[in-house]
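Here the structure comes first, spelled out in structure tokens, and everything after it is commentary.
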Amino acid sequence: MSDAIKHECGISIIRLLKPLEYYKEKYGTAFYGVNKMYLMMEKQHNRGQDGAGFASIKLDVAPGERYMSRVRSVAQQPIQDIFDQINDRINRANKEHPEEIDNVAWQKKNIPYIGELLLGHVRYGTFGKNSIENVHPFLRQNNWMHRNLIVAGNFNMTNVHELFDNLVQLGQHPKEMADTVTVMEKIGHFLDDAVAKLY
């Protein structure tokens, strides 16, 4: 990195190293990671007030179960808005299934946003309009688990046109010429190539 960090976006990541049951027993909630992510993002709210995003990945899930969740916002208070949405979803599930309130395995399987890997981003807009399409994390989805990609960044690229042209030469058709989309599709190309060689 050539420039000093000033007022660019803020990024937070949490990787829970123990099963969610551990956090339920020790801290009284399986939503320990979500609660910590809220605190981490709030501490960075001055790093980006143009938008906020949150993504989670559940590890070791069975085929047919959703394992990635993402929520983004460009509301006036975007961090508060995304965690209001997350908490609303959690509270609704607990209200509809009160018998499962202490069943961590059921919660992991049925409630989005709780998982072992969490990524938060607050956006300080330096490129593009202030729209939901420009809020990180960006998501590249595939029905092959190993080809999915979630990317959040804190950068501006000077060679985005060159990288975009490289993607087009590879046969891709990126949806837009934006820094993060270009980086994500470039990583995704090599990810697809590696997965194709493995399988």
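Details
- Partners for Lys186 among aspartates and glutamates (Cα-Cα distance below 19 Å; same-chain residues under 8 apart left out): Glu133, Glu162, Asp165, Glu176
- 15 Å beta-carbon shell around Tyr23, net charge (K/R +1, D/E -1): +3
- Rg to Rh quotient for region 141-199, alpha carbon positions, Kirkwood Rh: 0.98
- Mean separation of Cα contacts under 8 Å, 6 or more apart, over the residue count of the chain: relative contact order %: 25
- For the chain, adding -39500 (n - 2.57) for each run of n ≥ 4 DSSP H residues and dividing by the number of residues yields -12000 deg cm²/dmol at 222 nm.
- Summed over all non-identical Cα pairs, the Kirkwood treatment of the chain gives a radius of 18.2 Å.
Every number here is computed from the coordinates shown, using simple stated rules; none is lab data. The structure displayed is predicted, hence computed values, not measured ones. Here the Cβ is made from the backbone with ideal geometry for all residues, glycine too, and neighbour counts use every protein chain on show.
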